[in-house]
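The values are calculated or read from the model by the stated rules, or taken from the named source; none is laboratory data. The structure displayed is predicted, hence computed values, not measured ones. Backbone-built Cβ (ideal geometry, glycine too); neighbour counts: all protein chains shown. These accessible areas exclude ligands, DNA and RNA; they are computed on the full protein's heavy atoms, side chains included. Shrake-Rupley method; radii C 1.70, N 1.55, O 1.52, S 1.80 Å.
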Amino acid sequence: MKKAIAALFALCLTGLVLAQSPADTFVYQTYGEPVSLDPIRAYDTGSGTIIENVYETLYTYDGAAIDEFVPALATSHTVSEDGTTYTFQLRDGVQFHSGNTLTCRDVEYSFEYGLVTANSEGAVMYLMGDQLVGTQMTGEDPAAYQAEVSWEEIDQAAECPEGDDGLVFELNLTHPDPALIAIITYTAFSVVDSQFAIEGGSWDGTEATWTEWIGRDLTQEFLHTNMSGTGAYQLQAWNQGESVVVQAFENYWGGAPDIKNVVVEYVDEQSTRILALQQGDADRITLNERAALVQLRGAPGVVVHEDPSWAPACVTAGFFNFDINTENNEDVGSGELDGSGIPSDFFADANVRLAFSHLFDQQGYIEQIYDGEGVALTMGLPPSFLGYNEDIPIRTLDLEAAEGYFRKAFDGQLWEQGFEFTALYNAGNTLRQTVLQIIADNLSFINPNFRMNVRSLPWADFLTRTAEQKAPMFVLGWCADYADPRNFINTFYDNDGYYSDRTSINVPSMQELIDQAEAIVDPAERAFLYRQVGVEHYETAPLITIPAQSPFILTTDAVQGVYFNPMLSAEFKWKDISKE
């Protein structure tokens, strides 16, 4: 009978018949649903919010600390003298949601699955490819990947020295990496249930089939929508476009959580989310801009969680695409510099980028949108990170300077010809929409022949279109995978960085500094080089930084145990909270 009741309640949740949130249920209204529930494919906060609560990694963050780690599926580890072999003792008696028991084979399979598929949109190759198989190459070209990476290299990278059923796991690196534990704490290195995955049709874990999985579209595969982790919550339903529902895992090794059900609802309209929080239909909502807090401060039953010590570990920027894919691309108009479109190399001209950088006022944005609670950024790096250069100036709204750069662009042709294109943001993110609209308005003010349209796309479509290099200009953010400047500098500015597939960035003077920093480990030397990257950012304007907003979290007063860890997609884990 108990099972029948639970099943009936789960059915109600998946059908979203909630009025007010029940005492044992946490309802979170936000925007941007998961791109994928497969940890190897996912690389976005929408997906991470679910994955970090269903799956687990070997180590995890110690509450709100971003640089302190505690054991999760590992209980301890040792490192060889040369720093290239990490040996993990795994936790005994851990059960997956399927009922299977965790062994070394699951951990080995999880790492090998990431290396075998080498997904270009996932994080494994970007964060650990070089350390594990000597390259960050992805599987977009399976033949090229197979020529570069052998099965033997993959097999040797992750091993079970005491056998598949043992509880000792070994990770072998090509070179030492002092940030290893921090990196593998990221959700891409979640441990999946190998038996569940194989029985569902995922890679069978053998050498015989590994080449068939290189570069495969994982959104068409079993683990895209099916999950069996060891986390405190197990997946009940992903109602695409509407919600994700998870339920407490009663056999969780850390003890069953207080909150029995979590419903994440995807609601693009901010006013709807605000109303839901005020009425108690939602326990937490995402609110884009601080200025909107005026509607909620002092409201009965609403709590604004904020603390001066909370430091953001995310950077949002307006990105220029140096080599736009103009084929069948409605966002570039004619695709020519003829007044009705833009050519593929429009933003490769530094004068165009510098002109655009003078169309946005960071401090004004802080005052008007963040209600004065934010910090202007000199470069694409959080101020608390090593190498942030606070001494360089910030290009700000200066229409005269913008006109000067526009008149020099394309040997003077641009000012006379004019242009038109469309910039993109993800639906529901009013902060990003406002940034682009401000730039568009200032643009048309200085020359009526300059037209920038602004449009939104659903989150997954937005990511796909930018990855296809079809977005001329777009606003997107990056939250740290681990607390090291490399995670931002390389992502934003490196010719081979994660965002380079979207921007084709090419600034040789900046690349030289990044390459130098990669080859050294001394913090002071790295800091010096990254500060110089900041100088190059000012001089070449490869992107427009958007000021960082002072963090806050909105919940009802029934929610207890809230903390802020910017390394987590949802800032805190659901197993750590309760409701009164």
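A full extension of the chain between Ala519 and Glu367 corresponds to an added length of 50.6 nm, given 0.36 nm per residue minus the alpha carbon distance.
For the chain, what proportion of DSSP beta bridges, expressed in % and rounded to the nearest 5, is antiparallel? Once the DSSP bridges in the chain are tallied, antiparallel ones form about 75 percent. Summarised as an ellipsoid, the range 394-550 has semi-axes of 29, 21, 15 Å, derived from the eigenvalues of the Cα gyration tensor scaled by 5 and square-rooted, with the largest first.
The gain in end-to-end length when the Glu250 to Glu403 segment is fully stretched comes to 48.7 nm, 0.36 nm per residue minus the alpha carbon separation. Using the Cβ of Val562 as centre and a radius below 9 Å, the other residues enclosed give a net charge of -1, where K and R count +1 and D and E count -1.
Annotation: Cα Rg of the range 139-187 relative to the compact-globule expectation 2.2 N^0.38 Å equals 1.42. The distance separating the Cα centre of the range 456-506 from that of the range 296-342 comes to 11 Å.
Gain on full extension, evaluated as 0.36 nm per residue between Asn328 and Glu306 minus their Cα-Cα distance, stands at 3.3 nm. In the full protein context, the chain carries 38 Å² of accessible surface per residue, based on a 1.4 Å probe and ignoring ligands, DNA and RNA.
For the chain, what is the charge dipole size about the Cα centre, in debye to the nearest 20, if Lys and Arg each add +1 at the Cβ and Asp and Glu each add -1 at the Cβ?
With Lys and Arg at +1 and Asp and Glu at -1, about 1960 debye.
Each helix, a run of at least 4 DSSP H residues, gives -39500 (n - 2.57); summed and divided by the residues of the chain, these come to -8500 deg cm²/dmol at 222 nm. For the set Ser80, Ser309, the ranking by accessible area, highest first and with no ligand, DNA or RNA atoms included, is Ser309, Ser80 under a 1.4 Å probe. Taking a Cβ cut-off of under 13 Å around Asp307, the surrounding Lys, Arg, Asp and Glu residues balance to a net charge of -3, with basic ones at +1 and acidic ones at -1. Within the set [x] 26.0; [y] 37.3; [z] 31.1, the number that mean projected area of the Cα convex hull in nm² takes when calculated for this structure is listed as [x].
Put a dot 7 Å past each Cα toward the Cβ at Asp441 and Glu81; how far apart are the dots in nm? In this crude spin-label approximation the distance works out to 6.7 nm.
Using the Cβ atoms and a cut-off under 12 Å, what net charge is assigned to the surroundings of Arg455, where Lys and Arg are +1 and Asp and Glu are -1? Neighbourhood net charge equals -1.
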